[in-house]
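Asker: First the structure, which I've put down as structure tokens, then a few questions once you've had a look.
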Amino acid sequence: MTRTKPLTLVLLAVLGGTLAWFLETALVATGNAVVIPPLTLSFALALIGAIVIVMALPVRRVARRVEGARVDPFYATRVVMLAKASSLSGALLGGAGLAIAAYLLTRSVVPGIGSITLAFAAAVGAVVLLVCGLVAEHMCAIPPDDEDPREGRPNPGGLS
């Protein structure tokens, strides 16, 4: 699996922001109330990020070749996939949270400070999830083998 690319995260944040902005616009145009993320969403996202990092600790011990450290390969695969999913979800939700806050700030009648604060809090929780996912993904990376004799030298005769 390859590491998460920054361009992918930026594109997902823009996609999440665009979708949230259009959703808010459509809700207001139809006479409905705008979506305000609850405070519990921020805490849940940050908690999920912390759990992902704790789950990556045993994999890091094995990746750093700590003596006696063992981990099930299926567990390691699941942790890496969860870390990648967390970073992608964090980017998507972070963009959505910022778009909701921006939408609320651009209205002719600005809503209460509590609504704007909740939107920014959701964005912060999503960024925490994003960062924790990237850190856990980095923790699960296996360092390159220093003892590979073919590394850095051309392949003689084109044999593999």
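Asker: Return the only residue of Leu129, Leu105, Leu134 being among the aliphatic types (A, V, I, L, M), surrounded by 19 or more Cβ atoms within 10 Å (Cβ to Cβ) and within 23 Å of Leu39 (Cβ to Cβ).
Answerer: The match here is Leu129.
Asker: Another question about this same structure. Scan Thr25, Thr8 and give me the residue that is closer than 30 Å to Pro143 by Cα and touching a residue at least 24 places away in the same chain (Cβ under 8 Å).
Answerer: Thr8
Asker: Being in contact with a helix residue (DSSP H, G or I) (Cβ under 6 Å, 6 or more places away or on another chain), over 15 Å from Val131 (Cα atoms), part of a loop (DSSP other than H, G, I, E, B) and at pLDDT below 95, is that true of even one residue in the stretch 55-72?
Answerer: Yes; the residues of the stretch 55-72 include at least one that is in contact with a helix residue (DSSP H, G or I) (Cβ under 6 Å, 6 or more places away or on another chain), over 15 Å from Val131 (Cα atoms), part of a loop (DSSP other than H, G, I, E, B) and at pLDDT below 95.
Asker: Still on this structure, please answer the following. Could you go through the stretch 105-113 and let me know if any residue there is part of a helix (DSSP H, G or I) and modelled with pLDDT of 90 or more.
Answerer: Looking through the stretch 105-113, at least one residue is part of a helix (DSSP H, G or I) and modelled with pLDDT of 90 or more.
Asker: Something else: From (1) in contact (Cβ under 8 Å) with a residue 12 or more places away in the chain; (2) surrounded by 13 or more Cβ atoms within 10 Å (Cβ to Cβ), pick out the condition that doesn't hold for Arg64.
Answerer: Result: Arg64 passes all but (2).
The values are calculated or read from the model by the stated rules, or taken from the named source; none is laboratory data. Small disclaimer: the values here were computed from a predicted structure and weren't measured. No Cβ is skipped: glycine too gets one built from the backbone with ideal geometry, and neighbour counts run over all protein chains shown.
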